[in-house]
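What follows is a single structure, written as structure tokens, with notes after it.
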Ligand SMILES: Nc1ncnc2c1ncn2[C@@H]1O[C@H](COP(=O)(O)OP(=O)(O)OP(=O)(O)O)[C@@H](O)[C@H]1O
Ligand SMILES: [Mg+2]
């Protein structure tokens, strides 16, 4: 049966876990993933074949293997790292492989004439990327990056595998102690929604702002 | 002096080193041979118009010169300097991209589809390369850009984005952008073909002005025969990658020797 008392009691506990763990991991991992993803995408295009092929293989490998496995492997392989650090690194690297695909699509959507104009002006490759290609490509990529960040956010409960006390773990604990899971799990679900939805809206706004 | 060796620089005829020389140029796309041992030269300040049926290789020639296509065989020389491939001890060697960039800087191109950078304003399109390639200061580049944009009649739109301009205006910005690099050679590939008919005149007027006020060497591909007649010193008629006839525009346009040229001109005029 629904217990209002339990519902209210669980809110501050879960909110704390949400702010201290879930949100921190999501934000830091998203930044890491967005930066690494960009590096991979540019690397795949600019590196000579003998270097691009192994990079592609590693990225495919990471993308096609489960996140909890990565968490456990890295957690036990590097036992000097805190669980939080492992969480941020693994989430960041795992999602960077997805984001690299998004960047790639964004880069491929740039018309060939843009590259040719840059060549005709003798712009060096670094400047072509920075001033011509990326400003256009990232604008096309942004909605997709936002979706991956939200997907990552929803994956944070996997942190339970390396005993990081994130929000859903806390909700389960709380439910176990009080012999009722509905209230605390509802709070956790609502918090996910409350955070995801404005993020999605924000991404859409940002996208509009970057239009020219 | 040994005479049985191929020199590392192109053969010089009378009149010194040509501005552009195509030497035994071969271009294949897969198994399709588009250019098969093409040879021609363009003199300093000369304006040459390339005409010929669709698929005869005109665009390919300009794109090879702009290094947008890979040269299958042969050499292209610019002022006697190798563009993408050099002859070293009789062997053909590909240059490194840094070396290629040095010669490429002397060449500018205006494209059929304008290819302005949509993320930059008009003036930023024009100053981008002078700052980051020629190393001009921002002030210097901007001053020069504003004067060029004035010449092409766009001083009132310097802070607009390309998407806010008509095709004709965009193409005039593209001309200013190419001119800002102070090129020795300007390549124009059907620069009015994508424009609404009423916008063609302004663009051609700008180009005539460039032709009249500079001594830039020009290679022009166009279907605007009157324009070709007005600005060019020589017309080259291409068919299947070969020059079948060339000469002064008055001769080629009014009294061509070749039947194919006659047929082609009848079809386009
Ligand atoms: N990237 C490419 N891949 C394969 N074939 C190509 C490519 N570019 C050009 N060609 C072929 O090369 C030939 C010459 O093309 P090119 O564009 O130089 O002709 P053109 O004289 O400019 O014709 P048009 O008047 O139609 O512009 C054509 O047969 C064309 O199909
Ligand atoms: Mg063409």
Just one of (1) facing chain A (nearest Cβ under 9 Å); (2) farther than 23 Å from residue B:220 by Cα; (3) outside any helix (DSSP H, G or I) trips up residue B:114, so point out which. (2)
Against the definition (more than 26 Å from residue B:104 (Cβ to Cβ), within 14 Å of another protein chain (Cβ to nearest Cβ) and surrounded by fewer than 18 Cβ atoms within 10 Å (Cβ to Cβ)), how does residue B:226 come out, yes or no? no
Residue B:182 fails exactly one of the following numbered conditions: (1) out of contact with any strand residue (DSSP E or B) (no Cβ under 9 Å at 6 or more places or on another chain); (2) modelled with pLDDT of 95 or more; (3) surrounded by fewer than 21 Cβ atoms within 10 Å (Cβ to Cβ). What is the number of that condition? (1)
Residues in the stretch B:25-35: is at least one free of Cβ contacts under 8 Å to residues at least 40 places away in the same chain and buried (at least 17 other Cβ atoms within 10 Å of the Cβ)? no
From the options A:206, A:142, A:134, residue that is within 14 Å of another protein chain (Cβ to nearest Cβ), within 30 Å of residue A:15 (Cα to Cα) and assigned to a helix (DSSP H, G or I): A:142
Go through the stretch B:28-71 and report how many residues are away from every other protein chain (no Cβ under 14 Å), more than 8 Å from ligand 1 (Cβ to nearest atom) and more than 12 Å from the chain's Cα centre (by Cα). 15
Test result for residue A:152, in a helix (DSSP H, G or I), modelled with pLDDT of 90 or more and crowded, with 16+ Cβ neighbours inside 10 Å: yes
Check on residue B:198, more than 15 Å from residue B:121 (Cα to Cα) and either within 16 Å of ligand 1 (Cβ to nearest atom) or surrounded by 24 or more Cβ atoms within 10 Å (Cβ to Cβ) (or both): no
Residue that is away from chain A (no Cβ under 14 Å) and either in a loop (DSSP other than H, G, I, E, B) or more than 16 Å from ligand 2 (Cβ to nearest atom) (or both), where the choices are B:74, B:108: B:74
Can you confirm whether residue B:100 is more than 15 Å from ligand 1 (Cβ to nearest atom), within 14 Å of chain A (Cβ to nearest Cβ) and within 19 Å of residue B:236 (Cβ to Cβ)? no
Identify all residues within the stretch B:212-221 that are surrounded by 19 or more Cβ atoms within 10 Å (Cβ to Cβ) and either within 16 Å of ligand 1 (Cβ to nearest atom) or in a helix (DSSP H, G or I) (or both); write none if there are none. B:219, B:220, B:221
So the check is Cβ under 6 Å with 6+ separation or different chains; which pairs have a first residue in the stretch B:47-65 that's within 19 Å of residue B:77 (Cβ to Cβ) and a second one that's near ligand 2 (Cβ under 8 Å from one of its atoms)? B:50/B:58; B:50/B:221; B:62/B:189
I'd like to know if the stretch B:124-135 contains one or more residues that are facing chain A (nearest Cβ under 9 Å), modelled with pLDDT of 95 or more, touching a helix residue (DSSP H, G or I) at 6+ places or on another chain (Cβ under 7 Å) and part of a loop (DSSP other than H, G, I, E, B). no
Number of the condition not met by residue A:164 [criteria: (1) outside any helix (DSSP H, G or I); (2) facing another protein chain (nearest Cβ under 10 Å)]: (2)
Go through the stretch B:148-169 residue by residue and tally those that are more than 23 Å from the chain's Cα centre (by Cα), in a loop (DSSP other than H, G, I, E, B) and surrounded by fewer than 17 Cβ atoms within 10 Å (Cβ to Cβ). 3
Sort out for me the helices (runs of 4 or more DSSP H) sitting completely within the stretch A:13-126 that have 3 or more residues that are within 14 Å of chain B (Cβ to nearest Cβ). A:112-120
Single unsatisfied condition, residue B:145 versus (1) touching a residue at least 12 places away in the same chain (Cβ under 8 Å); (2) in a loop (DSSP other than H, G, I, E, B); (3) surrounded by 15 or more Cβ atoms within 10 Å (Cβ to Cβ): (2)
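What about residue B:87, is it away from chain A (no Cβ under 14 Å) and under 30 Å from residue A:140 (Cα atoms)?
Judged against the criteria, residue B:87 is not a match.
Return the total of residues in the stretch B:176-210 being away from ligand 2 (no atom under 16 Å from the Cβ) and either under 17 Å from residue B:104 (Cβ atoms) or not in a helix (DSSP H, G or I) (or both). Explain how you work it out, then say what you get.
Of all residues in the stretch B:176-210, those away from ligand 2 (no atom under 16 Å from the Cβ) come to B:176-186, B:196-210.
When the remaining residues are screened for being either under 17 Å from residue B:104 (Cβ atoms) or not in a helix (DSSP H, G or I) (or both), the result is B:177-186, B:196.
Final tally of qualifying residues: 11.
The values are calculated or read from the model by the stated rules, or taken from the named source; none is laboratory data. Because the structure is predicted, anything quoted here is derived from the model rather than measured. Note that we place each Cβ from the backbone using ideal geometry, even for glycine, and neighbour counts take in every protein chain shown.
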